[in-house]
Each structure stands twice: as C-alpha cells, then as structure tokens.
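To start, the structure under review is shown below, and the notes come after it.
The values are calculated or read from the model by the stated rules, or taken from the named source; none is laboratory data. All values derive from a computational prediction rather than experimental measurement. Please note: Cβ atoms are built from the backbone with ideal geometry, for glycine as well, and neighbour counts cover all protein chains shown. In case anyone asks, the SASA skips ligands and DNA or RNA and just uses the protein heavy atoms, side chains included. Shrake-Rupley method; radii C 1.70, N 1.55, O 1.52, S 1.80 Å.
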Amino acid sequence: MNKLFQSYKSSFQGLSSESWMLSLVMLLNRVGGMVIPFLTVYLITELNFETDEAGIVMSCFGIGGLLGSIVGGWLTDKIGSFYIQFLSLLLASPIFIVLSTLETVLEMSLFVLLLSFINECFRPANSASIALYAKKENLTRSFSLNRLAVNLGFSFGPALGGFLAAISYAWLFYGNSIASLIAAFVFFWYFFKREKRNKKRVIEPEELTGLENTSSPYRDKWFIFFSLFCFLYACVFFQLFTIMPMFYEDSLGFNNVTIGLLLAFNGFFVFATEMPMVQFADRKFNVYINIVLGAVLLFIAFAWLLVDDSLFSCFMSMMFLSLSELLVLPFIATVAAKRSTEKNRGSYMGLQGLSISMAFVVMPILATRLVQEYSFSYLWWANIIVLIIVIFGFYGVKNKMPVSIKS
C-alpha cells in the first residue's frame, strides 16, 4: 500500500508552480461547469424546445467554439496567452446570467454561440501557457494536471448541478457566472506581469522532416490528417455532454440527481487515476499507441450500452469512456505541442481545438436527428463504425508524423 501511495505521489512531483496555478484556475472555472451538461435537458424540459431545435442550439455552441479556436489561437500568437485567458474568463461571466433569461431558439442560439466563442478562445491560450511553463520532460503530465483540474471541477459541477436543477435551473447559470469571475481574478492576480519561468524556449522544437512550411499548422498536411481523426473521436466522445444526459432521461427515465451522479463519476474516476495512469503510459508506450488504445476503450464503452443499459451498465460504460479520455486527450495535446514551436504554438493548439469544436457543430444535429428518427441504439452503432475508422486512422498516421513519439 505504501509503495502504491509513493507511486501515486511521484506522479505529481517535478511540475512547475505555474502549471499548478494554471490548473487551479481551470479548477475554479470548471467547478461552475453545470450549464453545458444539462443544457440539452433544460432546453427540452424547461423551454419546451423540440429535440431538433435543441440540436440546433448545441450546434451553435460548436460553431462558436470553432470560431473561438481559430481566433483564440491567432490572438495568442499575436498578443500573448495572458490577455486572452483573462478576458475569456471575465467576459463569460455576464453571458451566463443573460442566458438564464432567454426563451426563444434564436436568442439561445446566438448567445450560446457567443458564450462558446469566448470560452473556446481560452483553450489554445491556456494550452500554450502550459507548454510554455512546463518542463520538457513533464509536458504530458502538465497537460494531465490541467485536465485533472477540469475533471475535478466537472465532478463537483454536474453533481451540484443535478441538485440545483431540482430546485431551479437559474442557479446553474448563476453558479457558472460566479465561478468564471473568481477564476478570472485569481488568474490575473498570479500571472499579471509575472516573469516567464525560463527565458529560453521551454520546449525545443522537434525535428520536422518532409514539411515544406512550418509557419502554419494549416500547411502541415499530416497534422491536418491527425486533426481529422481527433475530430471524429470528439464527435463520439463529447456526446457525454449533449446526448448522454438526454439518453439517461428520455430513454432510461433517470432523474436529474442520478444523471448528475453518472456525469460526476466520470470526473471523479479521471481525477483519481489520470496522473498515475498517464505517467505509466508515458513511460511504457509511445504517444500514438496510447491514443489508439484510448479509442479502443471508447469503442467498448458504446458497445457495452448496446448489450445492456441498466444503471450498472451505464456506470461501466462511463468507466471505459473515462479511461479512453485519459489516454487520448492529454496525448493529442502533447502531439500538438511537440509538433510546434513557440512562435506558432497558439495556432497549432487552435487547430486542435478547432477539430474538437467542429465536432460540436456536426454531432448535435446529426446525433439528435438520428435519435429522433430512429433510436439511441442506432446512434451507438454509428459511433462504433466511426470509432473503427478512428482506430485505424490514428494507427496509420503515426508512421507519417515526423515528430518524436516519446514525450
């Protein structure tokens, strides 16, 4: 037991203080992450939207994120990650309050798009900051620490959100607003005019062979292929936030508290296992093999639901989904960071964020339409087919990516 504890403790050692503070800010921000997981349910049950109308609103969330990834990455390279992160956190706060007062599809679509745009500008800037302040040998663990904060916040957020939604959905929006505001001021207090941890480049650029132009990720054809498979993976994985809550309520009849606990299980599981798991995987396997294994685990998660959809099976499926998350998301961020230089890292992170945001544009409309016309089982089968493509795609592209496979 002591050896296991020491191993777990060692997975957190050696990380920079800035990495810890960036993760604290992310934790404060994500503790308020109650709105998005319940937004689809809120639109249908409280505002009486049709299923396809809720899908349109959630697709606007994806469009805003798509634009935010591009603009946020570009602005990060132009004016620096500090201002983008601070303004993103600060400006999101009042929008959550406004959202709680809206009632029409058009109003919700426009403000959800705006909220997503502002939130997504934060992602490439935050990722660039992590890469800047991390020690080279701890890059993947630094990304994992940040994601650990996301999942810890996401554990408390939906669980608390489930109880608050039983009282009033308005409190979900207020909670997000307050948490975002607190995160903005904590971030400003710590990082304003702070000296960089190292004056020289923290992460040396990898040897890039066969690339005609390294100034932009949009000219890096193999990274674009890699981002395409990230997009397909995200189309399936991020149904966790939009489709799964609807499935739990509409198909299985779970109440808000049970839904919140299921979503919280994802966050607590990843919180408890990600750092030691990533440290082990980082030492034993290369980046791409970890990503492929993660895609296989997501395949198992949805295949499990096709066999049985009891509450126990929902928790088991969520466990495999969570394992997939911790093997894929930190390592695809590592690929983007190592594929770039300090001058274009924001753009690389922005393109990777773009692949995620595109999933939020396409997936809600297609998934809700498939559910409305057929059933959730048809959607699970579609997910399985997509994941087969993703598994072979990630495995195939690894031989074409001229980047060190060890982080």
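As for segment 341-359, it holds at least one residue that is among the β-branched types (Val, Ile, Thr) and closer than 25 Å to Pro245 by Cβ. If the condition is being buried (at least 16 other Cβ atoms within 10 Å of the Cβ) and touching a residue at least 40 places away in the same chain (Cβ under 8 Å), then segment 366-380 contributes Ala367, Thr368, Val371, Phe376, Leu379, Trp380. Quick check, is Leu354 in contact with a Cys (Cβ under 8 Å, 6 or more places away or on another chain) and either farther than 23 Å from Glu274 by Cα or not in a loop (DSSP other than H, G, I, E, B) (or both)? Judged against the criteria, Leu354 is not a match. Restricting attention to segment 58-75, which residues are open to solvent by less than 30 Å² (accessible area, probe 1.4 Å), modelled with pLDDT of 80 or more and within 13 Å of Gly353 (Cα to Cα)? Listed by number, the residues that qualify are Gly64, Gly68, Gly72. Listed conditions (1) modelled with pLDDT of 80 or more; (2) surrounded by fewer than 17 Cβ atoms within 10 Å (Cβ to Cβ) are all met by Lys196, apart from (1). Inspect segment 249-270 for any residue being buried (at least 21 other Cβ atoms within 10 Å of the Cβ), touching a residue at least 12 places away in the same chain (Cβ under 8 Å) and aromatic (Phe, Trp, Tyr) and give the result as yes or no. No.
For segment 108-137, a tally of residues being open to solvent by 50 Å² or more (accessible area, probe 1.4 Å) and β-branched (Val, Ile, Thr) returns 0. Considering segment 326-363, the residues that are within 18 Å of Phe122 (Cβ to Cβ) and among the aromatic types (Phe, Trp, Tyr) include one that is modelled with the highest pLDDT, namely Tyr348.
Out of Ser88, Ser7, which single residue is at pLDDT below 80 and part of a helix (DSSP H, G or I)? Before you say what the answer is, go through the steps one by one.
On the way: Ser88 fails: at pLDDT below 80.
Exactly one residue qualifies, and that residue is Ser7.
Which of (1) within 20 Å of Phe268 (Cα to Cα); (2) buried (at least 21 other Cβ atoms within 10 Å of the Cβ) does Leu311 not meet, given it meets every other one? Against the list (1) within 20 Å of Phe268 (Cα to Cα); (2) buried (at least 21 other Cβ atoms within 10 Å of the Cβ), Leu311 comes up short only on (2). For Ile84, are the conditions met, namely being over 16 Å from the mean Cα position of the chain (by Cα), under 25 Å from Trp171 (Cβ atoms), open to solvent by less than 20 Å² (accessible area, probe 1.4 Å) and not aromatic (Phe, Trp, Tyr)? It is false that Ile84 is over 16 Å from the mean Cα position of the chain (by Cα), under 25 Å from Trp171 (Cβ atoms), open to solvent by less than 20 Å² (accessible area, probe 1.4 Å) and not aromatic (Phe, Trp, Tyr).
Of the set (1) at pLDDT 80 or above; (2) crowded, with 24+ Cβ neighbours inside 10 Å; (3) among the β-branched types (Val, Ile, Thr), all apply to Val105 but (2).
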